[in-house]
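A short write-up of the structure that comes next.
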Amino acid sequence: MPARILLSSAAVVATLALPGCARPAVAPDGPPAGDAITTTVSFASSGRPYGPLWLADGLYFGVEPRDDNDPHQLWRWRDGAAAAERVDVKAERCHPALLRPERRPGGELAVAAGCYVAGVFTTRMLAVDRGSGATSVLFRSVPGLGAVVWSGDTAYSSVWSGPCVGVVRLAGDRLEAIETGPSFDGLAWPASRWAAEGAKTCPETGRVSFPVTLDGTAKVAALATRDPGDAAAWTLYLADADLTGAATPLAGGFSAVIQVAATPDGSRFAVAATRDGRAGLYTVDAADGAVRLVRAGKFSGAALSPDGHKIASIALDGGTTRLVVFVP
């Protein structure tokens, strides 16, 4: 996902796209396809769902209210439940204009919270106690804070500017450049000094983005491409968590990537993107790189159940926005 500076609740949908892929935050239309069983998640709010994230205790998602003066909400749906339940998030002195759930190592919950404090919009990454809703600040007011990926205790964020897409470490309240890392099919790691220093130019060594946090695999998942264009084809890789050696390609040909999700052990991935001209939800098996189209259509976001057997996404159809769960 990209690291962007969020200015209003209208920016929520835009923050769900991965960097360097096609700029729209939803994939283009595609014909319905797939024989997956479908469940629509209901919740007692008239707002629009976004940012699905599946943890061991349920499917989390944010809700953007219809009235911009109302705060955003966090909800959780348990498999088989009739409806989702509201999750109380106690973000002190914060009128949330964003509550996007994020996964920390071990399946712990965090939220990327966009908050209006004294009329000024700031972004924070908050750890959430799922029992009490109490929060603690992990990162505060980091410029352009977007989705965060953890490798052990080290946190990273993908950042972009124009055609540039790179990865930086989060160090306190600042971004730290990564100068070297694994190679992608012989392509050198693109240094992210430009992002940390606010430069306007970037190296011509390709683009790379971290899409998801894995647990206990000594690996991180990454997207990379040599193409600087919006229609670039991205490849999903596994790389050593210490960012050394050569990354292993799993599957390629993904464009207009919306989001990547994974099982905690990295054995299966879900990708909301376009491939072979068909927009939709895809699965990728790490063992053999096999790619399967689960459902074609317009989707925003992707979440994969921890056992890899269910996929959730935001379906966009005829002006309606629904959180749907597929059982392939």
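Of note:
- Extreme residue, nearest to Gly133 (Cα to Cα), among residues of the stretch 85-99 that are among the charged types (D, E, K, R) and in a strand (DSSP E or B): Lys90
- Checking each residue in the stretch 90-104 for being at pLDDT 85 or above and open to solvent by 30 Å² or more (accessible area, probe 1.4 Å) picks out Lys90, Arg103, Arg104.
- Yes/no for Phe254 being assigned to a strand (DSSP E or B), within 22 Å of Leu175 (Cβ to Cβ) and open to solvent by less than 60 Å² (accessible area, probe 1.4 Å): no
- Residue in the stretch 129-147 that is part of a strand (DSSP E or B), modelled with pLDDT of 80 or more and open to solvent by less than 10 Å² (accessible area, probe 1.4 Å) present: no
- Members of the stretch 262-290 found to be closer than 15 Å to Leu238 by Cβ and part of a strand (DSSP E or B), listed by number: Ala262, Arg268, Phe269, Val271, Val284, Asp285
Conditions tested, residue by residue: (1) over 26 Å from Phe210 (Cα atoms); (2) in contact with a Leu (Cβ under 9 Å, 6 or more places away or on another chain); (3) among the polar types (S, T, N, Q).
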| residue | (1), (2), (3) |
| --- | --- |
| Ser45 | yes, no, yes |
| Asp67 | yes, no, no |
| Trp77 | yes, yes, no |
| Glu85 | yes, no, no |
| Val89 | yes, yes, no |
| Pro105 | no, yes, no |
| Glu108 | no, yes, no |
| Tyr116 | yes, no, no |
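- Hits in the stretch 272-299 (condition: of a type in the set (A, V, I, L, M, F, W, C), surrounded by fewer than 19 Cβ atoms within 10 Å (Cβ to Cβ) and either within 17 Å of the chain's Cα centre (by Cα) or closer than 20 Å to Val324 by Cα (or both)): Leu293
- Some residue of the stretch 33-50 being in a strand (DSSP E or B), under 20 Å from Val148 (Cβ atoms) and either open to solvent by less than 50 Å² (accessible area, probe 1.4 Å) or at pLDDT 85 or above (or both): yes
- Of all residues in the stretch 294-328, exactly one satisfies the criterion of being more than 13 Å from Pro52 (Cα to Cα), in a strand (DSSP E or B) and either modelled with pLDDT of 95 or more or in contact with a His (Cβ under 9 Å, 6 or more places away or on another chain) (or both), namely Val327.
- Within the set Thr244, Thr248, the sole residue that is of a type in the set (Ser, Thr, Tyr), over 30 Å from Arg48 (Cα atoms), open to solvent by 10 Å² or more (accessible area, probe 1.4 Å) and touching a Lys or Arg at 6+ places or on another chain (Cβ under 9 Å) turns out to be Thr248.
- Considering residues of the stretch 105-115 that are open to solvent by 20 Å² or more (accessible area, probe 1.4 Å) and modelled with pLDDT under 90 only, the residue farthest from Gly58 (Cα to Cα): Pro105
- Unique residue being in a strand (DSSP E or B), more than 24 Å from Gly62 (Cβ to Cβ) and either at pLDDT 85 or above or within 21 Å of the chain's Cα centre (by Cα) (or both) when the list is Arg169, Arg124: Arg169
The values are calculated or read from the model by the stated rules, or taken from the named source; none is laboratory data. For clarity, every value in this text was computed on a predicted model and none was experimentally measured. Don't worry about glycine lacking a Cβ; one is built from the backbone with ideal geometry, like all the others, and counts go over all protein chains shown. When the accessible area is computed, the model is the full protein with side chains, heavy atoms only, and any ligands, DNA or RNA have been set aside. Shrake-Rupley method; radii C 1.70, N 1.55, O 1.52, S 1.80 Å.
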